[in-house]
Amino acid sequence: MTTSRPDHIPAPHPLRRPAPSPHALHEARTAEPARTEPPFPDGLTPPSPDLRSWSATVLAGARRSWRPALLVTGVSVATPLAAVELTRALAARAGYPVAAPLPEALAAGYSTPVLAGAVLSLALLLITSAVASIGWAGGIWALVGPGITGQPVTIKEAYRHGLRHLTVLGPWTLGAALLLLTGLSVFVAPGLYLLFALSMFSFPVLLEPGTNPILRSLRLTHTRPGRALARWGVIVAAAIVFESALSLLYAAISAALLGRPGVGADAHGLADGILDAVHTATGAPVWAIMLIGLTVTYHDLRARPAHGQIPPAR
C-alpha cells in the first residue's frame, strides 16, 4: 500500500523561527558575554603583545579611570609638592634657604640658617613621601580594584586602601626617593637610570607582598629591557610634553605679571614661589599619566617572566 505524497509542502512562516537544539542552548548559557574593550589590568587580562596594543590598553584605562586617577594624584601627590614649593619660598624669604650649596654657605658663616633649612628639607621630604604614598597606593587600587573585586572603587575606598598600606609603602618610597636624589646629585645619567630601574617598586609592595620591591623592580625592568624601556619611554615622553607645555604657559604668565619668566630654577622671590606652587598643583595630569601608564606596564612586564610563573596578585 502506497501513501500519496502531497505535491505542495507549505513554507515555514517568516516570523516563526525553528526551536534551538539543546546543544545550542547550552552553548548560549555558558558563553562569556562579549566585551567591547579589554578590561583594565587585573592579573587576568592577557598581556599586550606589542607596543601598539599596550598603548591601546593604556588609552582604554585612561578613558575609564582618568577621574579617580586625576583626583587621587592631584590631592595626594601634586598638592603636597606644591606645598613644598610654597614652603621653600617662604623659608627663603625668612632667611632659611631650603636649597643652598652647603659648603659655600658654611664657609660664608651661614651655618645656622643652612642647617635649619636642611632640617626643614628633611621634614618636607618625610611628609611628602608619606602623603604621596597614600595617594599612589590609593590610585593603584582605584585602577586595579574593580578588576580584582568586581566592584567599583570609590575615592573614599581608594584613600582607605592607601592609608592601610602607608606603613608598608611609605618607607620604601622614602628609600627610593633618597636613591633617586643621590643619583641625580651625582650626575644626570645615573639619576635617569635609577628612575627607570625603580619605576616598578611600588607595585610589588602592594600586589606581591613578601618580595623585595627594589629587587623586584630591577628584575621587571631588566628581564626584557627593550620592552620595558620602550613602554617607560612613551610614558616619560608624554609626561615631558605635557609638563613642557605647562612650563611655557606659566613662563608666559610670569613674564606678564612679574616682568620675568622666573619659573623653577629662575625663581627668586615669594611671588615666583607662589607661581611655582600653582604650576606644580596644576601638573596633576602628569602624575595621572604616569600612574595609569606604569600600572599597565607593570601588568605587562609581570605577565612575561623569563623563567617560571609568577603567582597571581593578592
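The values are calculated or read from the model by the stated rules, or taken from the named source; none is laboratory data. As the structure is a computational prediction, the values presented were derived from the model and not from experiment. Because the Cβ atoms are built from the backbone with ideal geometry, glycine has one as well, and the counts that use them run over all protein chains shown. To get the accessible areas, we keep the full protein, side chains included, count just its heavy atoms, and leave off ligands, DNA and RNA. Shrake-Rupley method; radii C 1.70, N 1.55, O 1.52, S 1.80 Å.
When residues in the stretch 183-206 are screened for being of a type in the set (Val, Ile, Thr) and open to solvent by 80 Å² or more (accessible area, probe 1.4 Å), 2 of them pass. The lone criterion from (1) surrounded by fewer than 21 Cβ atoms within 10 Å (Cβ to Cβ); (2) over 15 Å from the mean Cα position of the chain (by Cα) left unmet by Ala237 is number (2).
Against the numbered list (1) farther than 29 Å from Trp232 by Cβ; (2) at pLDDT 80 or above; (3) open to solvent by 70 Å² or more (accessible area, probe 1.4 Å), Trp66 comes up short only at (1). Within the stretch 207-219, being open to solvent by 10 Å² or more (accessible area, probe 1.4 Å) and not hydroxyl-bearing (Ser, Thr, Tyr) holds for Leu207, Glu208, Pro209, Gly210, Asn212, Ile214, Leu215, Arg216, Leu218, Arg219.
Is there a residue in the stretch 73-95 that is outside any helix (DSSP H, G or I) and modelled with pLDDT of 60 or more? Yes, the stretch 73-95 has at least one match. Screening Ala107 on (1) open to solvent by 70 Å² or more (accessible area, probe 1.4 Å); (2) small (Gly, Ala, Ser); (3) at pLDDT 65 or above shows it passes everything except condition (3). The residue list Ser199, Ser217, Ser244 contains one member that is at pLDDT 90 or above and assigned to a loop (DSSP other than H, G, I, E, B), which is Ser199.
Picking from residues in the stretch 153-181 that are in a helix (DSSP H, G or I), among the β-branched types (Val, Ile, Thr) and touching a residue at least 12 places away in the same chain (Cβ under 8 Å), the one that is surrounded by the most Cβ atoms within 10 Å (Cβ to Cβ) is Thr173. Can you say whether Ala137 is closer than 17 Å to Val77 by Cβ and either among the charged types (D, E, K, R) or in a helix (DSSP H, G or I) (or both), as far as the supplied structure shows? So Ala137 fits the description; yes.
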